[in-house]
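Some notes on the structure that comes next.
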Amino acid sequence: MQSNRTRVQQWIQTFQQFSATPSEGVTRLTYSNEHVQARNEIIQIMKEAHLDIKEDGFGNIYGKLVGTDSSLPSILVGSHFDSVPNGGAFDGTAGVIAALEVATLLAEQGLQPKQTIEFIALVEEEGARFPGGLIGSRSMLGELPVEKFEQLVGFDGLTTVEAIEQSGLTLPQRKARPIDTIARYIELHIEQGPLLENNDTDIGIVESIVGLRHLVITVKGEAGHAGTTPMDLRADALVAASKIIANLPTLIHDQTEAGTVITVGHLNVFPNGSNVIPHTVEFTIDLRSSTRESLQIATERLYDYLKLHETEQIQVELTEKLQVEPIKMDKIMNDYLKQSCKQRNYTFLDMHSGAGHDAMVFAKYVPSTIFFVPSHKGISHSPKEWTEIEDLCKGIDILFDLVIQE
């Protein structure tokens, strides 16, 4: 069985249109108008594949193909369908489309597996609207309790509940899904790096996923007039925050061999006036590493470093939004993937993922795996993000083989 290249390409083009910035990449934030358009398309495709469709209270979508033994827990197959601002057409979306294509192929062949399969589309993996990321999977599994989910405040000032109401979505009661209803989780994703393309390799089989910390840092000083406040009497929050940010790379200079990286990606200045000394600056820190030891060392250094910047005039507050340890993928499923690659004459490479994925959340509770298809020039989170349809379809072929093998 091989995937339908024409259909997959058409779906990529269709979902690419659900963007708040159509001429500048894909911007599809969770619970936005574009998000609602995409979910309507996902549901329509699921209907055409004769799946039983449901949504949970967080906005995750499930298309269920009931197996011959309905007493068995479900195999979950899918990815996320939100994007970063001005991102690409493939990150997350490619995995959702891959799941939908496998569901469509099964429907076309009239195949019913023994074990129920749920083809899923997850919300807010990126953390582009609400801090933390991986929110759809963490909420589903109860790792992010309902109360905390509902209290999350987005970068636009709206809570998740307010954003859902504003979107017009009517969702079921919010509650975690029992873990014993899930047998395993499978995800296809673009690599977001250059290894597969540089090595002319079809499939990247992920052995482990990076651990990460997402933090929000708030630096507080005192507002003042830009023209009348002497320099030696200022408590400028932006100057203090700038000093912190500028020296963050020095904290991990000896940890880079473990794949340790640190990034400030979002910053707010208050009151953000051209002639007002900033009284508050809020920024995010994304800290990642492939080993638990290196991640812990970097985290401890970061906490100590931030304390050094507190003075009588400047306060530094830290809030940890997400903490995920490095985690290994399921070896049995990875062996099936390798077997399928050999049978189809597709080349493969064992890899480590430096990016976080929903698979890392599921892997803490059920056997899980994620595998990659090539990214052109390794570019991702950019309008230039691109994966050849032929490469994506090879990944879908492998996904199909694993699903029916299960």
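Could you tell me whether region 122-129 includes any residue that is part of a loop (DSSP other than H, G, I, E, B), in contact with a Gly (Cβ under 6 Å, 6 or more places away or on another chain), basic (Lys, Arg) and within 20 Å of Thr30 (Cβ to Cβ)? Yes, the conditions are met somewhere in region 122-129.
For region 367-380, the set of residues classified as under 14 Å from Gly356 (Cβ atoms) and either assigned to a helix (DSSP H, G or I) or open to solvent by 10 Å² or more (accessible area, probe 1.4 Å) (or both) consists of Ser380 only. Out of Val84, Val36, Val66, one residue alone is touching a residue at least 12 places away in the same chain (Cβ under 8 Å), more than 30 Å from Gly265 (Cβ to Cβ) and out of contact with any Gly (no Cβ under 6 Å at 6 or more places or on another chain). It is Val66. Scan region 347-359 and report the pairs whose first residue is within 12 Å of His80 (Cβ to Cβ) and whose second residue is assigned to a helix (DSSP H, G or I) and open to solvent by less than 10 Å² (accessible area, probe 1.4 Å), with Cβ atoms within less than 6 Å and a gap of 6+ or a chain change. Short answer, once both residue conditions are applied: Asp358/Ser137. Among the candidates Glu118, Glu143, Glu125, the residue that is open to solvent by less than 10 Å² (accessible area, probe 1.4 Å) and touching a residue at least 24 places away in the same chain (Cβ under 8 Å) is uniquely Glu118.
For beta carbons closer than 6 Å, sequence separation of 6+ or different chains, a first residue in region 89-115 that is closer than 23 Å to Pro73 by Cα and of a type in the set (Asp, Glu) and a second that is assigned to a helix (DSSP H, G or I) and open to solvent by less than 10 Å² (accessible area, probe 1.4 Å), the qualifying pairs are Glu101/Val8; Glu101/Ile396. Restricting attention to region 133-169, the residues that are in a helix (DSSP H, G or I) and on the phi > 0 side of the Ramachandran plot total 0. Residues considered: Leu318, Leu337. Of these, the only one that is more than 30 Å from Gly395 (Cα to Cα) and of a type in the set (A, V, I, L, M, F, W, C) is Leu318.
Is it fair to say Leu322 is open to solvent by less than 70 Å² (accessible area, probe 1.4 Å) and closer than 29 Å to Ser139 by Cβ? Yes: the conditions hold for Leu322. A Cβ distance below 9 Å, combined with a sequence gap of six or more or placement on separate chains, defines the contacts here; from region 240-257, residues that are within 15 Å of Ser290 (Cα to Cα) and open to solvent by less than 70 Å² (accessible area, probe 1.4 Å) reach residues that are among the β-branched types (Val, Ile, Thr) and not in a loop (DSSP other than H, G, I, E, B) in the pairs Ile252/Val261; Ile252/Ile262; Ile252/Ile297; Gln255/Ile297. Screening Ala176 with (1) open to solvent by less than 40 Å² (accessible area, probe 1.4 Å); (2) in contact with a Leu (Cβ under 8 Å, 6 or more places away or on another chain) gives one miss only, at (1). Under the condition of being among the charged types (D, E, K, R), open to solvent by 60 Å² or more (accessible area, probe 1.4 Å) and not in a loop (DSSP other than H, G, I, E, B), the residues counted in region 283-318 number 7. The set of residues in region 391-406 that are out of contact with any helix residue (DSSP H, G or I) (no Cβ under 7 Å at 6 or more places or on another chain) and within 17 Å of Thr201 (Cβ to Cβ) comprises Asp391, Lys394.
Please go through region 183-224 and pick out each residue that is of a type in the set (A, V, I, L, M, F, W, C), open to solvent by 10 Å² or more (accessible area, probe 1.4 Å), farther than 25 Å from Arg28 by Cβ and outside any loop (DSSP other than H, G, I, E, B). Within region 183-224, Ala183, Leu195 meet the criteria. Any chance region 194-216 includes a residue that's at pLDDT 95 or above and basic (Lys, Arg)? No: zero hits.
I'd like to verify a number: residues in region 381-402 that are touching a Phe, Trp or Tyr at 6+ places or on another chain (Cβ under 8 Å), outside any helix (DSSP H, G or I) and surrounded by fewer than 23 Cβ atoms within 10 Å (Cβ to Cβ), how many? The number of residues fulfilling the criteria is 1. Say whether the condition of being of a type in the set (A, V, I, L, M) and without any contact (Cβ under 8 Å) to a residue 40 or more places away in the chain is met by at least one residue in region 218-233. Yes, region 218-233 contains a residue that is of a type in the set (A, V, I, L, M) and without any contact (Cβ under 8 Å) to a residue 40 or more places away in the chain.
The values are calculated or read from the model by the stated rules, or taken from the named source; none is laboratory data. Keep in mind it's a predicted model, so treat the numbers as computed, not measured. Ideal geometry is used to build each Cβ from the backbone, glycine not excepted, and the neighbour counts take in all protein chains shown. Just the protein is used for accessible areas: all its heavy atoms, side chains included, with ligands, DNA and RNA removed. Shrake-Rupley method; radii C 1.70, N 1.55, O 1.52, S 1.80 Å.
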